[in-house]
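Asker: Please read through the structure below; I'll follow up with questions.
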Amino acid sequence: MKIPRLFYGGSFNPVHKGHLATIEYVLKEKICLEIFIVPNYQSPLKDKTEYASENVRFEMLQYALRSYFEDDLFFKIQLLDVEIKEKNVNYTANTLKKIDNSVKMGILIGADSLETLHLWREIEWILTYYPFYVVPRANISLTKTQSQIHQLKGFYPMADFILLNFIPPNCSATEIRKKIKENAQYQELKDCLLPETYSLIKKYNLYY
């Protein structure tokens, strides 16, 4: 199922190659024509203490997107600061209501988010108007992901879930932060981090 626009939110703490490969896939495969990347100030489902500042995470995204993508794809990406400017806990429903809805838009999530989807504020409203494009995760079996989607469809029959045929690199921001705290060098992180991102982490002394 193709759609004009996808919304991809998250903490991006830090942005890693799993995020970037996912964006590349949906654009190259023309799943969408453009994608909105929306870093949050703070997720209601995550602990703020492990967050790098919103400005630094935004800067990391700017550098990563510019260095990873060629112009033909880069110009299809919009990095929005609509959530981080609010400096408050973010709810996707509120953000969706602020974004121009004259173009049909879907929401891009990782399969790991399915488990807590029922906790999202106004989730019934979101599922009524926005299809969800689900990216499988290497550390979650496809059978489990399909089962979770089936279960959610039972609770929310109006929902539309599209499971993408793509598994991004097995990168975890939590694991990256843990390794950095243990003084891991770039050689140990290069499978998941761009050198530009690692340089900014060192520059701002993040996650130690």
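All of the numbers you see were taken from the coordinates with simple rules; none came from a lab. Just so it is clear, the model here is predicted, and its values are computed rather than measured. Positions of Cβ are backbone-derived with ideal geometry, glycine not excepted, and every protein chain shown enters the neighbour counts.
Asker: Among the Cys residues of the chain, which have no other cysteine Cβ under 4.7 angstrom away?
Answerer: Isolated Cys, the chain: 32.
Asker: Per residue of region 76-82, in order, report the coupling 6.51 cos²θ - 1.76 cosθ + 1.60 (Karplus, θ = phi - 60°) as ³J(HN,Hα) in whole Hz, putting x for Gly and Pro.
Answerer: 9, 10, 10, 9, 9, 9, 4
Asker: Compute the relative contact order of region 1-44 as a whole-number percentage, counting only Cα pairs closer than 8 Å that sit 6 or more residues apart in sequence.
Answerer: Details: 46 pairs, mean separation 26.8, N = 44.
Averaging sequence separation for qualifying contacts and normalising by length gives 61 percent for region 1-44.
Asker: Further question: Efficiency by 1/(1 + (r/R0)^6): what FRET value for residue 122 and residue 79, r their Cβ-Cβ distance, R0 = 22 Å, to the nearest 0.05?
Answerer: Numbers: r = 24 Å, r/R0 = 1.11.
With R0 = 22 Å, the Cβ-Cβ based efficiency is 0.35.
Asker: Right, something else. Once fully extended, how much extra length lies between residue 29 and residue 207, figured as 0.36 nm per residue of separation less the alpha-carbon to alpha-carbon distance? Intermediate values should be presented prior to the final figure.
Answerer: Numbers: separation 178, 0.36 × 178 = 64.08 nm, distance 3.45 nm.
Extra length available between residue 29 and residue 207 comes to 60.6 nm.
Asker: Send over the Kirkwood Rh of region 55-153, from the inverse of the averaged 1/r over different Cα pairs, rounded to one decimal Å.
Answerer: Values: mean 1/r = 0.0632 Å⁻¹.
It is 15.8 Å.
Asker: Kindly state, to the nearest 0.05, the FRET efficiency for residue 182 paired with residue 162, given R0 = 41 Å and r defined as their beta-carbon distance.
Answerer: On the way: r = 38 Å, r/R0 = 0.92.
Taking R0 as 41 Å, the efficiency between residue 182 and residue 162 is 0.60.
Asker: Determine the dipole magnitude for the chain: charges of +1 sit on the beta-carbon of Lys and Arg, -1 on that of Asp and Glu, nothing else is charged, the reference point is the Cα centre, and the result goes in debye to the nearest 20.
Answerer: On the way: 26 positive and 24 negative charges, 31 e Å.
In total the dipole reaches around 140 debye.
Asker: Moving on to the next point. Once amide H atoms are placed 1.01 Å from N in the peptide plane, what residues at a sequence separation of 5 or more from residue 162, or on another chain, have their amide H within under 5 Å of its amide H?
Answerer: When sequence neighbours closer than 5 places are left aside, the close amide H contacts are 132, 133, 134.
Asker: Using label points projected 7 Å from each Cα along Cα→Cβ, tell me how many nm separate residue 129 and residue 175, to one decimal.
Answerer: Modelled inter-label distance: 3.7 nm.
Asker: At 0.36 nm per residue, minus the direct Cα-Cα distance, what do residue 103 and residue 138 gain on full extension? Give it in nm, one decimal, please. Mind dumping the intermediate values first?
Answerer: Working: separation 35, 0.36 × 35 = 12.60 nm, distance 3.17 nm.
Fully extending the segment from residue 103 to residue 138 adds 9.4 nm.
Asker: Taking H as built 1.01 Å from N, whose amide H comes closer than 5 Å to the amide H of residue 106, not counting residues under 5 places away?
Answerer: Under 5 Å from the amide H of residue 106: 5, 6, 7.
Asker: Still on this model: As a quick test, which of the pairs 98/203; 17/104; 87/144 have an alpha carbon distance above 30 angstrom in this structure? Don't skip to the end; give the middle numbers.
Answerer: On the way: 98/203 34 Å; 17/104 27 Å; 87/144 35 Å.
Check vs 30 Å cut-off fails for 98/203; 87/144.
Asker: Follow-up question, since we're still on this one. Give the relative contact order (percent, whole number) for the chain; include only Cα pairs under 8 Å separated by 6+ residues.
Answerer: Values: 305 pairs, mean separation 54.5, N = 208.
Relative CO of the chain lands at 26 percent.
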